[in-house]
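One structure is given here, and the rest of the page talks about it.
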Amino acid sequence: MAAVESGLPKVQQEQSEALRIGIENKGAGIVHEDELRQSLAECRVSIKEMLAQPCQDDMECLWEKASICRIPQYLKNGKDKDYDPQIVSLGPYHHGKEHLRPMDQHKLRCLRRILKRSNNEIDPYLNSVKDVEGRARSCYDGMISMNSDDFVQMMVLDGCFVLELFLGFAVGFGQLGYRLSDPIFSMRGPMHTIQQDMILLENQIPLFILDLLLPLFPLNQLLGYDPNRNRLLVKLALEFFYSLQPIIIPFNGRTVDPSPIHGELHCLTLLWLSLSPSHIRLSPSRSLSLIEPVLPELSSRTIPCVTDLWKAGIEFSMRHTDSFMDIRFQKGTLKIPQLQIHDSTRSLFLNLIAFEQSRSDCIKYVASYVIFMDYLIKSPEDVGYLCHCKIIKHSLGSNAEVVAFFNQLCLGLDLDLNDHYLARLWKEYFTNPWSFISLVGGCILLVLACIQTFYTVYGYYRPRF
């Protein structure tokens, strides 16, 4: 079954068909004036019918409510593998695709085990999800063509599958009743690929669906304590995706405050919140992120690369912080948190950027960061120096691949940055390394002149014996 309507509305199809027939007949030289006039009249009627459709069918109304959006083609730009799931589908966008169907039997197997473990029936949960079906559908971009029963069943199966994975990571899949050799519910096999599929923007389900299904699980028995359900889901999700984080910090059961994001949340939202700088995370109306003060306005003048800045006297050091985007420029030193680049970082960044591009209520942290790093990194030598400073740690084949990594992330990005006092400093002194050298030289000469003046005066007034 197709997950989302991909065709045109019926009246528009009829209009297109009428035009096609008219054009083909004209090409064959057999069209008559009366027939052409009739075809045009039918087109006018079809257009009027489309314009008369009610507001709930208006795509603009749907876009305003959607929190799980389709990724625009200009962002994909041949990178479908980074945006499309490889082995598991969540939600309607990729539901039913041939290469993802084998996982459906494991979802059903998972649901059977959950119901058996909790001694519950499925009907109450189907009914609960049915009650919020409209709310769930409005999270997705466009009209969902699935009928009500299929949509609700998909939400229950996908939601239970996600929760089982979260709890399996927290307490161990063996405690949930799975064998060590289980092909899916174990710490081996395709688990890493499943994690990667679950951070894709088009492969999400709303968190409130997981909240509805959480009572299926005997949490007291599994966790050994009575958890705070309001924070439990966020904690389980962040722990599950911890290995995909591009920065190494202790987990320590940390959580995030979802208040900066309006509308329905999903797992990728939680990841974005966990990576954003914590002390300004609660300011969604701000137009500047922490890295923007060291970015000039995007124009024909750009930030020099690492090598040129180093030659001009700028030092680099690794900054210890809980966010890889928390960059500071202090006393001639650019302090950048360590970035861990592994096989899933590219897909994570691309989907986080797509998430930022799809929303107007969040700061473009990730997009700002990758543009900044793309300015700094222009050659393998730049990467080598940042690795030496422990700012970058990667498992790619070579430093040249890191250069290509940032170049590819920036394709199609357009970021409008406001001016800032440090941005002006960068533009005045750092866009040309020789300008910075002149600045340093001038400061040194000024200091020497002051010293010479001091000793001249001191020598004049010093008592002589």
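Assess whether Leu376 counts as being buried (at least 21 other Cβ atoms within 10 Å of the Cβ), modelled with pLDDT of 90 or more, in contact with a helix residue (DSSP H, G or I) (Cβ under 7 Å, 6 or more places away or on another chain) and outside the structural domain of His266 (by TED's automatic domain parsing). Yes: the conditions hold for Leu376.
Could you please tell me which pairs satisfy a Cβ distance under 7 Å, a separation of 6+ or placement on different chains, a first residue in region 92-116 that is in a loop (DSSP other than H, G, I, E, B), and a second residue that is surrounded by 13 or more Cβ atoms within 10 Å (Cβ to Cβ) and acidic (Asp, Glu)? Sorted first by the residue in region 92-116, then by its partner, the pairs are Tyr93/Glu202; His94/Asp84; His94/Glu202. Is it the case that region 390-398 has a residue that's touching a residue at least 60 places away in the same chain (Cβ under 8 Å), under 17 Å from Ile247 (Cα atoms) and surrounded by fewer than 18 Cβ atoms within 10 Å (Cβ to Cβ)? Checked against the condition, which is being touching a residue at least 60 places away in the same chain (Cβ under 8 Å), under 17 Å from Ile247 (Cα atoms) and surrounded by fewer than 18 Cβ atoms within 10 Å (Cβ to Cβ), region 390-398 yields at least one hit.
Scanning region 49-86 for residues that are in contact with a helix residue (DSSP H, G or I) (Cβ under 9 Å, 6 or more places away or on another chain), over 21 Å from Ile205 (Cβ atoms) and modelled with pLDDT under 70 gives Glu49, Met50, Gln53, Cys55, Gln56, Cys61. Among (1) among the aromatic types (Phe, Trp, Tyr); (2) at pLDDT 90 or above; (3) more than 22 Å from Gln196 (Cβ to Cβ), which single condition is Phe355 missing? So the condition that Phe355 fails would be (3).
Quick one: in region 303-317, which of the residues that are in contact (Cβ under 8 Å) with a residue 60 or more places away in the chain and assigned to a strand (DSSP E or B) is surrounded by the fewest Cβ atoms within 10 Å (Cβ to Cβ)?
Among those residues, the one meeting the criterion is Ser317.
Report, ordered by the first and then the second residue, all pairs with beta carbons closer than 6 Å, sequence separation of six or more or different chains, a first member in region 140-151 that is in contact (Cβ under 8 Å) with a residue 12 or more places away in the chain, and a second member that is surrounded by 15 or more Cβ atoms within 10 Å (Cβ to Cβ) and in a helix (DSSP H, G or I). Pairs that qualify, where the first residue is in contact (Cβ under 8 Å) with a residue 12 or more places away in the chain and the partner is surrounded by 15 or more Cβ atoms within 10 Å (Cβ to Cβ) and in a helix (DSSP H, G or I), are Ile144/Arg137.
Could you list all residues from region 133-151 that are outside any helix (DSSP H, G or I) and farther than 20 Å from Asn203 by Cβ?
Passing the criteria: only Asn147.
Filtering region 362-374 to residues that are over 11 Å from the mean Cα position of the chain (by Cα) and either farther than 15 Å from Met325 by Cα or outside any helix (DSSP H, G or I) (or both) leaves Cys362, Ile363. Residues in region 136-160 that are among the β-branched types (Val, Ile, Thr) and touching an Asp or Glu at 6+ places or on another chain (Cβ under 8 Å) were compared, and the one that is surrounded by the fewest Cβ atoms within 10 Å (Cβ to Cβ) is Val152. A single entry from Leu200, Leu180, Leu165 fulfils the requirement of being buried (at least 21 other Cβ atoms within 10 Å of the Cβ), in a loop (DSSP other than H, G, I, E, B) and not aromatic (Phe, Trp, Tyr): Leu200.
Here is a check on your reading of the model: is Ile194 touching a helix residue (DSSP H, G or I) at 6+ places or on another chain (Cβ under 6 Å), closer than 22 Å to Arg112 by Cα and modelled with pLDDT of 90 or more?
So Ile194 fails the test.
Scanning region 318-361 for residues that are part of a loop (DSSP other than H, G, I, E, B) and crowded, with 21+ Cβ neighbours inside 10 Å yields Ser323, Phe324, Met325, Asp326, Ile327.
The values are calculated or read from the model by the stated rules, or taken from the named source; none is laboratory data. Nothing here was measured: the structure is a model prediction, and the numbers come from that model. Don't worry about glycine lacking a Cβ; one is built from the backbone with ideal geometry, like all the others, and counts go over all protein chains shown.
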